[in-house]
Amino acid sequence: MASRSHSKAITFHNEFRVGGFKKTIPAGTYLFTTEEVLLEGGMTPAYRRTQTTFQLPPGKPGTVEWLTISPCELDAAILRDQARDSASRHKHEAPPSRQNSMPRSR
């Protein structure tokens, strides 16, 4: 079965969690590699994402740890990060000024 992979750098602005990994992963930019397999029998080529891996920040000097997650878990983590960013931005914005459109009585 034909397969392919592609890598993409993704920046998380907030710490995050994925899958069954118990530790919180710090905010930062991570290089994610997604594996895809060709779906057979179609008129046009179509691929299905099968797994995504990325390197965790070093826990101890000289150690390298990779985490494998489903592509859906990555999508969910990205959406949660964007939602937290949006909520944080709205929290720090000044409320809109209210102008009274009714003329004042004198």
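The values are calculated or read from the model by the stated rules, or taken from the named source; none is laboratory data. Every value quoted in this text rests on a predicted model; they were computed, and no experiment measured them. We place every Cβ from the backbone using ideal geometry, glycine too, and count neighbours over all the protein chains shown.
For this structure, a couple of remarks:
- Residue within the stretch 70-91 that is modelled with pLDDT of 90 or more and surrounded by fewer than 10 Cβ atoms within 10 Å (Cβ to Cβ) present: no
- When residues of the stretch 19-35 are limited to those that are touching a helix residue (DSSP H, G or I) at 6+ places or on another chain (Cβ under 7 Å) and part of a strand (DSSP E or B), the one nearest to Arg48 (Cα to Cα): Thr34
- In the stretch 29-61, of all residues being modelled with pLDDT under 90 and within 22 Å of Asn14 (Cβ to Cβ), the one that is surrounded by the most Cβ atoms within 10 Å (Cβ to Cβ) corresponds to Leu56.
- Residue list for the stretch 36-49, filter: without any contact (Cβ under 8 Å) to a residue 24 or more places away in the chain and in a strand (DSSP E or B): Arg48, Arg49
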